[in-house]
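Colleague: Right, I'll just put the structure down here and ask away after.
Quick note: the coordinates plus some simple rules give every number you see, no bench work behind them. All values reported here derive from a predicted model rather than from experimental measurement. Virtual Cβ from ideal backbone geometry, glycine too; neighbours counted across all protein chains shown.
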């Protein structure tokens, strides 16, 4: 029997695994997909919000501010790509200017540093490509952008380095109570645990209902995005929000850590948790709304559209508590925005709840809290020379758009949570993220994956289970010529 | 120091290097990112090359082979498996690869012959899912002709550029069923001869003034929704029909690869093999996309001559 | 009268070929011959690949050495299914000597 099973390895599950791996605990993480960060974490705005938005006194308010502070430390310690870019919340009318004032007061109450409202002239001086229609803006210097994939990965990898086990393609299909804990039934055998953390994101209600009476419902709400080429990345230097509405923070335009420009999301209920399809209407709305902030965006430079699902619950706050009548079963549910920002604080709160449930948390002496990766692109010519001389694999460029080398992909394959698919390599190393979208490097990455896992080319996956890239060899296929 | 570094060992780079050699340069290096010279011609196994330049009909590998053999009669050096990562206005080439690790190579002249890339899905803005099974036509061509693998069995081709048309035939000959070739414009994008011998010969329907308006499928492509478009290329509501397929090939245009000069602040005029940087020349599909390779060759020979003239005149001034 | 688009060169001339083989619309002599032939006996050069081991790639490109009748294309393709070459192979190497009694061979189009 392990001490803790964490169900779900998105940002919340990974943060919990990382936090708990400080302690002398046996930890098993169960993830239904073949990689970490495959649900809401995979497709969102990639922003670490400063925390001016949530209602003061709410869990969201407290955990956002604390989480953002922790995120900053984690990014440095665990080598997570991030950018301290700041943000502007734009007001286009007198009514919205009043709203800015309210956000400012909110922010001050929530402990957000250095907030101030700027007049039109200063806003346009700061960001000359913004719409001339802007009336004023709230300046939020502490907003960051981050790579959510690598954020999750860094936490998951560090947890594994510290002894946690992550089982991929291992969905929790049922839970029964046993003396002193729970038995989790997965497609790949049972796992017994003293305590359980439910970090199942979009599926958190279903997992909760396996042990306790229904207490909340998760509704997937879709957000659609444009990701534009790096030649659009310099149009703005900060995250540009519009005034928030009941439907969240609205359509933002933001630089990404990799230098691209992102625009989105809209807010439309999804058919189901697995519905990641973009729609003509949704994309048109995002384009139109983004242009309200930054009129000159060249959407022809789009390199990818995508959609993500928010885990919206029927509570207007995060649900972080022990499930009723289920001792040691902790729900971390309804983690909508600012969930990415709050995750490390949510994890600390979860650890507290486990202690309250009777789990003894004793710190390890040898907790590894460092992570460092080689990024060829960021090296100087002299550093590159030395690196390639020592290990020629770093001289072999696989992805030309993002300058990703064979050595870096090999590092990923040998890491604690290795990629199992072409998109898994993309999420870790950026190969295929660029303007040609893997047209050039796709076949090369496929070859590396096949060689590493000793698989036939036709077994290599684009992304999740069943997403085969190639269907057969050529020759001996019956012809269907008319 | 090299008199000339040619970036790219495809048809443009091969002819450019040869042109410079013919005009008297002796220290020439070709940097090629692949394991062999020839570039995209290696995977263009169909015929139709060389009618203008060689006055006979060759396949891509045969056309490339002619120049590779020609180069073997010279002392032009080649660095295979090597990627040029950066150039400067003062003609330094940063390259990385098997041959010399990471190196900064100065040169008296540089010819940019990086070719072009295919327009990817993103810029087409097609709504729907993003499952496996969506390839640019050129990537599918590489998988089939070089690696020997089929990317799918039931195919819809978006765009009627030459690579897409050629792949319609090629996939049919390898046992796939090409269900439709869909072109947003009222006329085909590729050469008429390719419409005839790649689509008509195999009864593959060509839908002009149509486009794909939605991609469906969760793991692998399951359906493409094809709709008619109006004169403004906007989808006409109610005209959509779903095609059951496992693969979508994109043949929606080629884009010159000019990231290297752009990053260096070197300006390109698509009508001119000279760039804004003295001694830096550009030719082939990196300059502008050519319909036929013979024209690439002619242009690249000119670029080679221009580089030679530049280097030799500098010598006189020295 | 038959309307034929010429495939001899990238121009793609619109040919009109009459019953007796007279052709109009061509802009070269090769086009004129093509129009006449295409009406009665359409022929194509077919290209494909065959398996090869011990080489830089796992397929080597091949072509029918000259034009074969269009109706033989799928039969010609099937002949390649079981061919497996071993490197080194020269350009022009005969892979299949006689395509369906035409006397025309499949040959490699590069060395490998």
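Colleague: Quick check: pseudo-label points 7 Å beyond the Cα along Cα→Cβ at residue B:73 and residue A:217, how many nm apart are they?
Modeller: 8.0 nm
Colleague: Semi-axes of the equivalent ellipsoid for the stretch A:316-413, please: Cα gyration tensor eigenvalues, times 5, square-rooted, ordered largest first, whole Å. Show your work: numbers first, answer last.
Modeller: Values: eigenvalues 385, 65, 24 Å².
Value: 44, 18, 11 Å, ordered largest first.
Colleague: What average count of beta carbons from other chains do you get within 10 Å of the Cβ of residues in C:45-54?
Modeller: Values: counts 6, 4, 13, 9, 10, 3, 4, 1, 0, 0.
Taking the mean over all residues of the peptide, I get 5.
Colleague: I've got another one for you. Report, in degrees rounded to the nearest 10, the 0 to 90 angle that the Cα long axis of helix B:60-72 makes with the longest principal axis of chain B.
Modeller: Between the helix axis and the principal axis of chain B, the angle is about 10 degrees.
Colleague: Let me ask another. How large is the helix-only mean residue ellipticity at 222 nm for chain B, computed as the sum of -39500 (n - 2.57) over DSSP H runs with n ≥ 4, divided by its residue count, in deg cm²/dmol to the nearest 500? Please report the intermediate quantities before stating the final value.
Modeller: Details: 6 runs with 72 residues, N = 318.
Here the helix-only value at 222 nm equals -7000 deg cm²/dmol.
Colleague: Just to verify a number: FRET efficiency for residue C:37 and residue B:233, C-beta to C-beta distance, R0 = 30 Å, to 0.05?
Modeller: On the way: r = 39 Å, r/R0 = 1.31.
It comes to 0.15.
Colleague: If neighbour count is taken as other Cβ atoms inside 10 Å, put A:401, A:273 in order from fewest to most. Intermediate results must be reported in sequence, preceding the final value.
Modeller: Numbers: A:401 24, A:273 18.
Neighbour counts put them in this order, fewest first: A:273, A:401.
Colleague: Separate question: Compute the Rg/Rh shape ratio of chain C: radius of gyration over Kirkwood radius, all on alpha-carbon atoms.
Modeller: Working: Rg = 17.1 Å, Rh = 15.5 Å.
Ratio of gyration radius to Kirkwood radius: 1.10.
Colleague: What FRET efficiency would be calculated for the residue pair residue C:70, residue A:165, taking the C-beta separation as r and a Förster radius of 56 Å, to the nearest 0.05?
Modeller: Values: r = 61 Å, r/R0 = 1.10.
Result of the calculation: an efficiency of 0.35.
Colleague: Sorting B:30, C:104 on the 10 Å Cβ count, fewest up front, what's the list?
Modeller: On the way: B:30 26, C:104 22.
If I rank by nearby Cβ atoms, fewest first, I get C:104, B:30.
Colleague: Can you pull the mean other chain C-beta count within 10 Å for peptide B:112-120?
Modeller: Numbers: counts 0, 0, 1, 0, 0, 7, 4, 4, 10.
Shielding by partners across B:112-120 averages 3.
Colleague: Work out Dmax and Rg for chain A from the C-alpha atoms and quote the Rg first, both in angstrom.
Modeller: 22.7, 73
Colleague: On C-alpha positions alone, give me the angle between the axis of helix C:29-40 and the longest principal axis of chain C, in degrees, nearest 10.
Modeller: That helix lies at roughly 90 degrees to the long axis.
Colleague: Can you work out the base-10 log of I(q)/I(0) for the stretch A:110-250 at q = 0.09 1/Å, using the Debye formula on its C-alpha atoms alone?
Modeller: -0.54
Colleague: Here's another thing I want to ask about it. Between Rg and the Kirkwood Rh of the stretch C:47-108, both from Cα atoms, what is the Rg to Rh ratio?
Modeller: Numbers: Rg = 11.3 Å, Rh = 11.7 Å.
Across the stretch C:47-108, the Cα-based Rg/Rh ratio is 0.96.
Colleague: Report, in whole Å, the centroid distance computed from the Cα atoms of the stretch A:242-279 and the stretch C:55-112.
Modeller: When both Cα centres are located, 53 Å separates them.
Colleague: How large is the Rg to Rh ratio of the stretch A:441-482 when both quantities use alpha carbon positions and Rh follows Kirkwood? Before the final figure, lay out each step's value.
Modeller: On the way: Rg = 12.4 Å, Rh = 11.5 Å.
Rounded to two decimals, Rg over Rh is 1.08.
Colleague: Under the definition of partner shielding as Cβ atoms of other protein chains within 10 Å of a residue Cβ, what is the mean value for peptide B:189-196? Intermediate values should be presented prior to the final figure.
Modeller: Details: counts 0, 2, 6, 8, 9, 3, 3, 6.
Partner-chain Cβ atoms within 10 Å, mean over residues of B:189-196: 5.
Colleague: Now a separate question. Quick check: convex hull over the Cα atoms of the stretch A:182-288, volume per residue in Å³, rounded to an integer?
Modeller: Working: hull volume 18.7 nm³, N = 107.
Cα convex hull per residue, to the nearest whole number: 175 Å³.
Colleague: Another question, if that's okay. For q values of 0.14, 0.18 Å⁻¹, compute log₁₀ I(q)/I(0) with the Debye formula on a Cα-only model of the stretch B:179-318, without solvent.
Modeller: Log10 of I(q)/I(0), two decimals: -0.83, -1.03.
Colleague: Here's something else I'd like to know. Could you work out which residue, out of B:169, B:233, B:302, moves most in a Gaussian network model of chain B, that is, has the largest mean-square fluctuation with Cα springs under 10 Å?
Modeller: Looking only at B:169, B:233, B:302, the largest GNM fluctuation is found for B:233.
Colleague: Now for a different question. Where the centroid of each part is defined by its Cα atoms, how far is the stretch A:115-162 from the stretch B:63-95 in Å?
Modeller: The stretch A:115-162 and the stretch B:63-95 have Cα centres separated by 44 Å.
Colleague: If you don't mind, another one. What whole-number value in cubic angstrom gives the convex hull volume per residue for the C-alpha atoms of chain B? Don't skip to the answer; put the middle values down first.
Modeller: Details: hull volume 44.2 nm³, N = 318.
Measuring per residue, one finds 139 Å³ for the Cα hull of chain B.
Colleague: As a check on your grasp of the helix formula, calculate [θ] at 222 nm for chain A: sum -39500 (n - 2.57) over DSSP H runs of n ≥ 4, divide by the residue count, round to the nearest 500.
Modeller: Numbers: 12 runs with 141 residues, N = 482.
-9000 deg cm²/dmol, from helical runs alone.
Colleague: So, one more: Relative to the present Cα-Cα distance, how much length would full extension add between residue A:450 and residue A:367 at 0.36 nm per residue of separation? Could you put the intermediate results ahead of the total?
Modeller: Numbers: separation 83, 0.36 × 83 = 29.88 nm, distance 3.41 nm.
Gain on extension, residue A:450 to residue A:367, equals 26.5 nm.
Colleague: Among B:137, B:120, B:103, which one shows the biggest mean-square fluctuation in a GNM of chain B, springs joining Cα atoms closer than 10 Å?
Modeller: B:103
Colleague: Could you give P(r) for the stretch B:107-168, binned at 10 Å from zero, as whole percent values over all Cα-Cα pairs?
Modeller: Here the calculated profile for the stretch B:107-168 is 17, 45, 24, 10, 4, 0.
Colleague: Right, here's the next one. Bin all alpha-carbon pair distances of the stretch A:400-467 at 5 Å intervals from 0 and give each bin's fraction as a whole percent.
Modeller: Bin by bin from 0 Å, the calculated values are 4, 19, 32, 27, 14, 3.
Colleague: How many angstrom lie between the C-alpha centres of the stretch A:407-482 and the stretch B:188-243?
Modeller: Computed from Cα coordinates, the inter-centre distance equals 27 Å.
Colleague: Take A:35, A:463 and order them by how many other Cβ atoms sit within 10 Å, fewest up front. If you can, show how the numbers build up before the last one.
Modeller: Values: A:35 27, A:463 23.
Fewest-to-most ranking of A:35, A:463: A:463, A:35.
Colleague: I would also like to ask the following. If one takes the longest principal axis of the Cα atoms in chain B, at what angle in degrees, from 0 to 90 and to the nearest 10, does the Cα axis of helix B:11-22 lie?
Modeller: With both axes taken from Cα atoms, the answer is about 20 degrees.
Colleague: Now, a different point. From the convex hull of the Cα coordinates of the stretch A:130-179, what is the mean projected area in square nanometres?
Modeller: Values: hull surface 35.0 nm².
For the stretch A:130-179, the mean projected area of the Cα convex hull comes to 8.7 nm².
Colleague: How far apart, in nm, are the 7 Å Cα→Cβ label points at residue C:55 and residue A:378?
Modeller: So the two model labels end up 4.4 nm from each other.
Colleague: Please state the equivalent ellipsoid semi-axes for the protein assembly as shown: what are the square roots of 5 times the Cα gyration tensor eigenvalues, largest first, in whole Å?
Modeller: So the equivalent ellipsoid measures 52, 31, 28 Å along its semi-axes.
Colleague: Where does the Debye-calculated log10 I(q)/I(0) of the stretch B:119-250 sit at q = 0.09, 0.10, 0.14 Å⁻¹, using only Cα point scatterers of equal weight, no solvent?
Modeller: Computed log10 I(q)/I(0) values: -0.22, -0.27, -0.55.
Colleague: Let me ask you something else. Which percent of the Cα-Cα distances in the stretch B:45-178 go past 25 Å?
Modeller: Details: 4379 of 8911 pairs.
That fraction is 49 percent.
Colleague: Now for a separate question. At R0 = 60 Å, how high is the FRET efficiency between residue C:102 and residue A:114 if r is their beta carbon distance? Nearest 0.05 is fine. Kindly include the intermediate steps, with their values, before the conclusion.
Modeller: Values: r = 82 Å, r/R0 = 1.37.
Here the calculated transfer efficiency is 0.15.
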